[in-house]
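The values are calculated or read from the model by the stated rules, or taken from the named source; none is laboratory data. Since this is a predicted model, take the numbers as computed values, not measurements. As a convention, Cβ positions derive from the backbone with ideal geometry for all residues, glycine included, and neighbour counts pool all protein chains shown. Accessible surface is based on the protein model in full, side chains and every heavy atom, while ligands, DNA and RNA are left aside. Shrake-Rupley method; radii C 1.70, N 1.55, O 1.52, S 1.80 Å.
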Amino acid sequence: MVFSLILLFELTLIYLAFTERVKRFLTILMIQGLLLFGIAYLQLKHINILYLAFILSETIIVKGLLVPLFLNQMRKRNNLDRLAHSKVSTFVTVMAISAAIVFGFLLSSNIHDDHLQTKFLAASIAAIITGIYFVMIHRNIFTHLVGYLITENGVFLFSLAVGSEMPMLVNAAILLDIFVGVLVLGIFANRVGDRFKKMHVDDLAQLKD
Amino acid sequence: MYLIVFQFLFVLTFGMFILSKKHMSYFGLLIQLGLAGITGYWSVDVLIHGTIFERELLINFWGSPLEIKVDSLSAFFILVLNFTLLTGTMYSTGYLKPYINEKNHVEFGLHYFSLVWLHISMLLVCMLRDGLAFLVAWEVMSVFTFLLMIFESEKGETIRAGINFLLQMHVGLVLIMAGFIYAFVHTGAVFSFDGLTVYFARFHPFPLFLLFFAGFGIKAGFIPLHTWLPHAHPAAPSHISGVMSGVIIKMGIYGILRILTYIHTDLLAIGIFILVVSAISGLLGVMYAIVQHDLKKLLAYHSIENIGIIGIGIGIGLIGTAKGIPVLAALGFTGGILHILNHSLFKSLLFYSAGSVYMKTHTKNIEHLGGLIKRMPVTALLFLLGALAICGLPPFNGFISEFLIYFGLFKGLLTADFQTDITIMGTVICLTLIGGLTIFCFTKVFSIVFLGTARSRLSENVKEVSVGMIFPEILAGIVIVAIGIFPIFFVKAAGRVAGLYVEDIPWIIQNTPSLSGVSRASLVFMLLTALLWFLRRTQQKRVQIEHEPTWGCGYSGADPAVHQYTATSFADNYRELAPPLMKVDKHFESLKEEDIFPRPRSFKTETSDRLEKNLVEKPVRKVIYWMERVAIFQTGNLQHYIMYAFLFMGLIFLLTIFKLI
Amino acid sequence: MNGLGFLLSIVSSLLFPGIIAVTKAKMSGRKGPGIFQSLFDVARLFRKGSIYSATTSIIFQIAPVIYFASIVVALLFMPFGQYKGLLSFEADFVFFAYLLAVGKFMMIVGAMDTGSGFEGMGANREALYSLLVEPAFFILMGSLVLLTSHTSFYNLFVHIHFDSFFSYLIALLGIYLFIQIAMVENSRMPIDDPKTHLELTMIHEVMVLDNSGFDMCLIHLTTGLKFALYGGLIANFIFPETWTLYAKIVVFFTVNLLFAIVVGFLESCRARNKLAKNPKWILALSSISMVVFLSVLAITHKLFLE
């Protein structure tokens, strides 16, 4: 059951690779939030109810609802293009992300450790690589945010892979970082949006000095 | 007895120069038939009984009699090269007819003399085991190939490609020689292939194998050692291109296979290495082929692709052996080795028919051709046969070897572990992509060259070539169809060779009812097609048949001669997907706003091989740059040179004093 | 009895275009043609004469014949529950895929033979898309091979079991992939819209603009056969082995009917992809099948994850 959800998570990554609509990115983030909710619930049923409640609310509320909705607001206010323009053709992106998924499985099948649940590791590696790759190929700050959030989902899965309860706090911290980052950048982008037509990082380069 | 005749034929070749130009090809063919007959007899015997044929030649070499040895690997290659060289010589009779008046007696004689000696040297390469003798035969083969290639030596490009070929072959020779010497020095065993056994048994084989692979790989044209191939093929006369692609590059594969017979450890690493290099060669070869407009250059890139497929077979065979998956090993090797035969057949057929097109239209640029099927129907249909075969489509021979490889892969999937499964699936993806891209490429080539209407004057008043040129193509065509429909016999022969690497091959082939299934399905397919065609014929007799211009989608000015698709446009949507590999230069002048009455404009695209640019041209330019810097010492002044000598002596003196040397 | 799959597929192929047309008519609120209209069309074409472009050669004339023959022979591989196909051997799906490629090769060169720029466009798109979709099919078949430890269509489908939640997910993905591969191979939505009226953006329909009479009749028949081919495969994919023969026949036709309705439904509700998007879309199918393959590795415990 957990593995099925992980499988679906991998499929969202492929969908992310070949879709070009900005709106779809947010849908993917939402779906990933829900999937992570499911995974976390199934995996952590037995732990302290308080922690569980925290983690579950984090996944479903923050990841699944709050962040995507906030980003959607931002998207609308800044009149972003409907399509995300990347430097690399989508064709190559699909291949790269498929390779990342295979790499994740290959790597985690080679790791044998009692404290590590490798099935999460496989998906987490794929998600982290995808997120970073996503940031690299796009020029829009908005899509950068999406990339960061995907990476964060990967980190979340990674913390599940490590298995004990402590890393959840680590994850919470990272989540907080990202969340604050999103907020700050969002507000920043709102301001930048007034100045520049497009939110390209190239434009930001003009702001140095 | 046969041995004496065999050697007598060597001497007989010198008679070539006393014949008239017209009779040279027949004389050459006669000698080659003799050679082929004798060696073929030995080889068939070896393949049927699985014995090893050993004899001593009458020639003394380095003080000891020269020994020839034919095992199943040699036998297979001998049969393949005999067939291709014979068809090559047959084809050359017609192909070189226009040159009879242009070329003088010596040039013509030298060409046929080289052709026969190419045959002899290749036979010897396959049969000799002594290291030095092998290297000599190998070198003789390269030199005669060079001589054959530069037949049209009045063209600068031909000479340049020839020199390029010769240089690269020598690099290969040096690498192979280095391999032999290294093994010899480290073991002190005999300087021969058998001596390598000792080395491989005692040391890690992988490094030395790498050396040999580089040496033989240059001949075979594995990427990135392929850079001579795309230049050599267009430069050579077509029968030589056919022979070169059909068998000369296979000698590289022969070398690799021969070395592999002595290696029994480290097989996994070697297998993965070969697999990766081959997969890259296969994919990139066909990807570069699609954007070519020079018909022979395009076919040359396809040779790289097919070498890749052969290598994939060998690579998975090795992985199967190393991992203990007999079915993967057996079918991989068998498929790879059978593909050697298959490729030599359809590629020589394709080169011959491309040569016929070139002979009649005097252009190799496919953008100038078109509609040739109406003027050269037999050549067109034979080209189509070759194209279907090279795409690996049933019911032709290319399918059989690819099928064996696929079958091995899918069977191997069941018993392999995780990493091997991923490797296998990667190989399957590569093979399917190679297959699909080949179909893309050959639908393009065939339809641009032979279908539609003429794209320039060159292909207008063209006639079919003579029967003498079609005959060898038909010979190759017959074998192509025969392998496609009755594969068992040929697969068994290839299986015999694969038996050198894997033990229970016969068992596996016996237990593979698929091949009879394939031939049954192929027969059903052909019968059904014939039946439908017959039905169609009867239907067409009853109804009215009209001939009109092509439907222009409502545009009455449509004219196929102007609006039909070109090779560039056919490859365009593919080219958009592969920018990192292909550099496409577009030369055009864009329309400006103030151009109210635009002048005539031109649009030109060029594609170049990025690998070749970055791996060969750029470093070479760097080297030349530094060479030129060094050249300032070459002043031409005698005093300076004496000073250099003096300085050098001083240097030696100083170094000796300080005990540095 | 071995030919049962073949016979049933032929029957369903005859009705396929009709059902699609009826679904589309109903979806758009039209009365639409009858289910058998496409059969009448084919019969009429069979009696009609032909017009050939003066540019064409024998290739153009033989292409539809080979195309039709390739699909019919491919149908001979169709198993039906416990009955084998008329042709069945190990790794027959490789032969199957390459046989379809033969037909496609001939159709492409046939279209190029007319010398029409529009047909050239269609031909070259067909060549590109079919090359891109090939890996998806092979990886999917590879996954099935791994799942069942058998290598022929018949054995694959007989030995396939779905028991856990996870395997149902894989089955769903498999069916999804089969449908999408069928859509690409048949040049239907979302790759190509057969009802579009702009030749510049068509694929399959533009390739057959110059065919007429007997050839057109064969091409129409082949369209149905190709759908039935994939419909049959999907039906075989989901047969539970314990069911009786009659139940299976019912299921077979139901699946084919559903498939046709789905095709009609998709074509009524969905917009065609932008042409530039098609290659990526098709490539994504291969990625999905790669994920299926990985999960099958996990099911068979080759990929050992904790």
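Some observations on this one:
- Close pairs from the stretch C:187-205: first modelled with pLDDT of 80 or more, partner aromatic (Phe, Trp, Tyr), Cβ under 7 Å, at least 6 apart: C:Ile191/C:Tyr129
- Considering residues of the stretch C:13-55 that are assigned to a loop (DSSP other than H, G, I, E, B), small (Gly, Ala, Ser) and without any contact (Cβ under 8 Å) to a residue 60 or more places away in the chain only, the residue farthest from C:Ala111 (Cα to Cα): C:Gly29
- Subset of the stretch C:156-170 (residues that are in a helix (DSSP H, G or I) and either at the interface with another protein chain (Cβ under 9 Å from one of its Cβ atoms) or out of contact with any helix residue (DSSP H, G or I) (no Cβ under 7 Å at 6 or more places or on another chain) (or both)): C:Val158, C:Phe165, C:Phe166, C:Tyr168, C:Leu169, C:Ile170
- Test: C:Asn211 is of a type outside the set (Gly, Ala, Ser) and either within 10 Å of another protein chain (Cβ to nearest Cβ) or closer than 29 Å to C:Leu14 by Cβ (or both): yes
- Members of the stretch A:1-19 found to be in a loop (DSSP other than H, G, I, E, B) and either crowded, with 19+ Cβ neighbours inside 10 Å or in contact with a His (Cβ under 6 Å, 6 or more places away or on another chain) (or both), listed by number: A:Thr19
- Qualifying residue in the stretch B:67-90 (condition: without any contact (Cβ under 8 Å) to a residue 24 or more places away in the chain, surrounded by fewer than 22 Cβ atoms within 10 Å (Cβ to Cβ) and not β-branched (Val, Ile, Thr)): no
- Only one of the numbered conditions (1) surrounded by fewer than 23 Cβ atoms within 10 Å (Cβ to Cβ); (2) free of Cβ contacts under 8 Å to residues at least 40 places away in the same chain; (3) in contact with a Lys or Arg (Cβ under 8 Å, 6 or more places away or on another chain) is not met by A:Asn140, and that is (2).
- All of A:Val62, A:Val88, A:Val67 fail the test of being aliphatic (A, V, I, L, M) and part of a loop (DSSP other than H, G, I, E, B), apart from A:Val88.
- Being open to solvent by 10 Å² or more (accessible area, probe 1.4 Å) and among the hydroxyl-bearing types (Ser, Thr, Tyr) is a condition met by at least one residue of the stretch B:141-153.
- Subset of the stretch C:142-188 (residues that are open to solvent by 20 Å² or more (accessible area, probe 1.4 Å) and polar (S, T, N, Q)): C:Ser149, C:Asn155, C:Ser164
- Hits in the stretch C:31-59 - residues which are at the interface with chain B (Cβ under 8 Å from one of its Cβ atoms) and either farther than 26 Å from B:Gly552 by Cβ or not polar (S, T, N, Q) (or both): C:Phe46, C:Arg47, C:Lys48, C:Gly49, C:Ile51, C:Tyr52, C:Ala54, C:Ile58, C:Ile59
- Here B:Ala482, B:Ala521 are screened, and the one residue that is part of a helix (DSSP H, G or I), within 10 Å of another protein chain (Cβ to nearest Cβ) and at pLDDT 90 or above is B:Ala521.
- Complete set of residues in the stretch B:341-372 that are at pLDDT 90 or above, of a type in the set (A, V, I, L, M, F, W, C) and open to solvent by less than 20 Å² (accessible area, probe 1.4 Å): B:Leu345, B:Phe346, B:Leu349, B:Leu350, B:Phe351, B:Ala354, B:Val357
- In the stretch A:73-95, of all residues being crowded, with 17+ Cβ neighbours inside 10 Å and either touching a Cys at 6+ places or on another chain (Cβ under 7 Å) or of a type outside the set (A, V, I, L, M) (or both), the one that is nearest to A:Gln43 (Cα to Cα) corresponds to A:Thr93.
- For A:Leu26, the conditions (1) in contact (Cβ under 8 Å) with a residue 60 or more places away in the chain; (2) out of contact with any Pro (no Cβ under 9 Å at 6 or more places or on another chain); (3) assigned to a helix (DSSP H, G or I) are fulfilled apart from (2).
- Residue check, B:Phe471 more than 14 Å from chain C (Cβ to nearest Cβ), assigned to a helix (DSSP H, G or I), free of Cβ contacts under 8 Å to residues at least 24 places away in the same chain and open to solvent by 10 Å² or more (accessible area, probe 1.4 Å): no
For (1) open to solvent by less than 40 Å² (accessible area, probe 1.4 Å); (2) under 30 Å from C:Val109 (Cβ atoms); (3) within 14 Å of chain C (Cβ to nearest Cβ), each residue gets a yes or a no:
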site	(1), (2), (3)
B:Trp533	no, yes, yes
B:Lys541	no, yes, yes
B:Thr566	no, yes, yes
B:Arg575	yes, yes, yes
B:Asp585	no, yes, no
B:Arg599	no, no, no
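Residues checked against (1) of a type in the set (D, E, K, R); (2) touching a residue at least 12 places away in the same chain (Cβ under 8 Å); (3) loosely packed, with under 10 Cβ neighbours inside 10 Å:
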| site | (1), (2), (3) |
| --- | --- |
| B:Glu593 | yes, no, yes |
| B:Leu611 | no, yes, no |
| B:Val623 | no, no, no |
| B:Tyr641 | no, no, no |
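- Helices (runs of 4 or more DSSP H) enclosed by the stretch B:177-267 - at least 3 residues per element that are more than 27 Å from B:Thr158 (Cβ to Cβ), open to solvent by 10 Å² or more (accessible area, probe 1.4 Å) and touching a residue at least 12 places away in the same chain (Cβ under 8 Å): B:193-202, B:205-220
- Members of the stretch B:55-106 found to be assigned to a helix (DSSP H, G or I), of a type in the set (Val, Ile, Thr) and under 22 Å from B:Leu147 (Cβ atoms), listed by number: B:Thr84, B:Thr87, B:Thr89, B:Thr93, B:Val106
- Within the stretch A:1-15, tally of residues that are closer than 15 Å to C:Met290 by Cβ and facing chain C (nearest Cβ under 7 Å): 4
- Condition broken by C:Glu90, with the remaining ones in (1) more than 7 Å from chain B (Cβ to nearest Cβ); (2) part of a loop (DSSP other than H, G, I, E, B); (3) surrounded by fewer than 24 Cβ atoms within 10 Å (Cβ to Cβ) satisfied: (1)
- Number of positions in the stretch B:428-458 that are more than 7 Å from chain C (Cβ to nearest Cβ), surrounded by fewer than 24 Cβ atoms within 10 Å (Cβ to Cβ), in a helix (DSSP H, G or I) and in contact (Cβ under 8 Å) with a residue 24 or more places away in the chain: 2
- Qualifying residues in the stretch C:224-280 (those that are part of a helix (DSSP H, G or I) and within 14 Å of another protein chain (Cβ to nearest Cβ)) - the one farthest from C:Val133 (Cα to Cα): C:Leu225
- The residues of the stretch B:391-449 that are of a type in the set (Ser, Thr, Tyr) and in contact with a Lys or Arg (Cβ under 7 Å, 6 or more places away or on another chain) amount to a single one, B:Thr420.
- Condition check for B:Gly398: more than 10 Å from chain C (Cβ to nearest Cβ) and either open to solvent by less than 10 Å² (accessible area, probe 1.4 Å) or under 29 Å from B:Glu606 (Cα atoms) (or both): no
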